[in-house]
Amino acid sequence: MSTAEQDRRLIWKGATTASTAKPSGNTGRIYIPDRILGWIIPVSVLLAWELLARLRILPSNWLPAPTVVGQTTYQLALTGDLLKHVGITTARVAVGFLLGASAGTLFGGVTGYLPVARKLLDPSLQALRSVPSIAWVPLFLLWLGIHETSKIALISLGALFPVYLNLSVAMRQVDPKLLEVGKLYRLSGFQMVCRLILPAVLPEYIVGLRSGLGLAWMFVVAAELLGASSGIGYLMVDGEMTGRAAVILASVILFAVFGKATDWMMNAVGRRLLGHRAG
Amino acid sequence: MVNNGFDQRGTVNIEIGHKTFSGSKGSLLALKDILLTINPGEFVCIVGGSGCGKTTLLRIIAGLETEYEGAVFLDGKKLIGTGLDRGVVFQEHRLLSWLTVHDNVGFGLAGRPPEERSKDIRHYIGLVGLDKFEYEYPHQLSGGMSQRVAIARALVGRPEVLLLDEPFASLDALTRMRMQQEILHIWEAERTTVVLVTHDIEEAVYLADRVVIMSPQPGTIRNILPVRLSRPRDRTDQAFVRVRRSVHDELFAPGEMPHLAPDNF
């Protein structure tokens, strides 16, 4: 085996196992920890991008340098515009997600607990779910106007389905053997839901909430691109209209950062709630 | 027999005409003409092969099966549905993964004053020898420990009858033997009536005052054999082996098990 091959094997091993032990006493071998491995490509791309932009190989009105995008974001922050747009988008996501997740919880809970309700509601909800989200936009604008209501409605619709589906399916799949334990202690229907079914489905419910939140962020982009005078999506449209690629890129990054941040918070809450369970 | 006349609580009278399961492919007669009286404080084991209805019988006593012809009486009172007067342990521990050992044991005690509740929970956790694991979660426990928690949960409501459905079947052989000893200690401490369903002849002979032998299609009681051996019982003792063999002979008609000829048993 050649040295180069051994090196490759070591890097490969570092990427797939959680091993932190450094191979000792072997000089000339490359060892890269897992955490750093994932950063290699993005950092290289950023550096290359910066370099190509600085050398004016990339046209600045087409793909401005990362530092320029950073400066643009900073300037937006200084004027207070950034806070305003981020604030309004986050508020839309929050309200839309809360409404959608609540409706999803209600429908999911009812259809999961009562087979009759599932047979009655599930086909209709599944049919609605198969409509591509953006297809609702004209109708919502017509019905609810161009202001907040239509945006909130669209975001709610996005958040509703994953919450509904996950909760409904999970409730139907609660181990009947656990429900028998509840029966032994003569729990009422309400106690059965609170003390057995809801705790049992909590992991799947949190997964549903997380994907609902992800879809809420996706739908806020759609809503703001298609008619808004504020929000990160509006910032994007504005950047496009005025030919400022840096503003568009800054908006993309803002969506990514805030989407990831809320997902991280949701995940942290979920881990706290489920921390003591197996797996 | 333990019926000493001082404590008459825990008498079970079973009078089942028949129990059928109906499915899409027709109906199956699971139990037929089951007449059995279990005395207060008695340890009864029900043995039989799979499909003989022994689990169904236990589930009827527990109140989990309610569609059958006949009745089950506890201390003369007809049983309708489940109740805290009967504690149940299943083959699987059926613990709730999101609750600690303490809260799993106390699951059925909601509504009691917290202090009294905690005291009872601790008592039974102690009885099954898990004091050090009171605030652990089920996934941190071994199979045998989980089954101990399930036993504590079944006992904490101070039932008159403890019903166990193949409780040690999924444990390894050594743990199973330890648990068999343990359940005898618990039974001696609590003096409840115990009904244990098993397919393990040795387990039945080791534990029971009386062994109820069931045969399948339809599930009926073939015979009831008393085990007049003093405890602790020695599994290798000649008398033990004799009882074991008589249960075996009841369970299998001659010719059914050719490799276990009576001569070299």
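Where a number appears in this text, it was derived from the coordinates with a stated rule and is not lab data. Worth saying up front: this structure is predicted, and the values here are computed from it rather than measured. Cβ sites come from the backbone with ideal geometry, for glycine too, and all protein chains shown count toward neighbours.
Here the convex hull built on the C-alpha positions of the stretch A:65-168 has a volume of 131 cubic angstrom per residue.
So what is the orientation-averaged projected area of chain B, using the convex hull of its C-alpha atoms, in nm²? Let's see the in-between values first.
On the way: hull surface 63.7 nm².
Mean projected area for chain B: 15.9 nm², to one decimal.
When both the stretch B:17-38 and the stretch A:41-119 are represented by their alpha-carbon centers, they are found 63 Å apart. Only helices enter this figure: runs of n ≥ 4 DSSP H residues, each worth -39500 (n - 2.57), summed and divided by the residues of chain A, yield -24500 deg cm²/dmol at 222 nm to the nearest 500.
Could you please rank A:F97, B:F73, placing first whichever residue has the fewest other Cβ atoms within 10 Å of its Cβ? Display every interim value, and only then the final one.
Numbers: A:F97 29, B:F73 14.
In increasing order of surrounding Cβ atoms, one gets B:F73, A:F97.
Computed from label points 7 Å out along Cα-Cβ, the spacing between B:M177 and B:R158 is 3.7 nm. Hey, how much of the P(r) for the stretch A:69-272 falls beyond 31 Å, as a percent of Cα pairs? Summing the P(r) tail past 31 Å for the stretch A:69-272 gives 30 percent. If one takes the longest principal axis of the Cα atoms in chain B, at what angle in degrees, from 0 to 90 and to the nearest 10, does the Cα axis of helix B:143-155 lie? It works out to around 80 degrees. In this structure, B:T20 and A:T242 have a Cβ-Cβ separation that, at R0 = 60 Å, corresponds to a calculated FRET efficiency of about 0.15. Using Cα-only point scatterers and the Debye equation, what is log10 of I(q)/I(0) for the protein assembly as shown at each q in 0.06, 0.08 Å⁻¹, rounded to two decimals? Evaluating at q = 0.06, 0.08 Å⁻¹ gives log10 I(q)/I(0) of -0.52, -0.77.
Taking chain A as a Gaussian network of alpha-carbon nodes connected by springs under 10 Å, the highest mean-square fluctuation of the residues A:Y74, A:Y185, A:Y164 belongs to A:Y185.
Principal axis analysis of the Cα atoms in the stretch A:172-279 yields extents of 69, 27, 18 Å, listed in decreasing size. Taking a straight Cα-Cα cut-off under 24 Å and skipping sequence neighbours fewer than 8 places away in the same chain, the lysines within cross-link reach of B:K77 are A:K183, B:K19, B:K32, B:K54.
Largest GNM mean-square fluctuation among A:V181, A:V69, A:V93, using chain A with Cα springs under 10 Å: A:V181. Considering only A:R56, A:R129, A:R186, give the residue with the highest GNM mean-square fluctuation for chain A, with springs between Cα atoms whenever their separation is below 10 Å. Answer for the Gaussian network model of chain A: A:R186.
Here is the size of the stretch B:108-209 from its Cα atoms: Rg then Dmax, 13.9, 43 Å.
Only Cα pairs under 8 Å and 6+ residues apart enter the sum, and on that basis the relative contact order of chain B stands at 25 percent.
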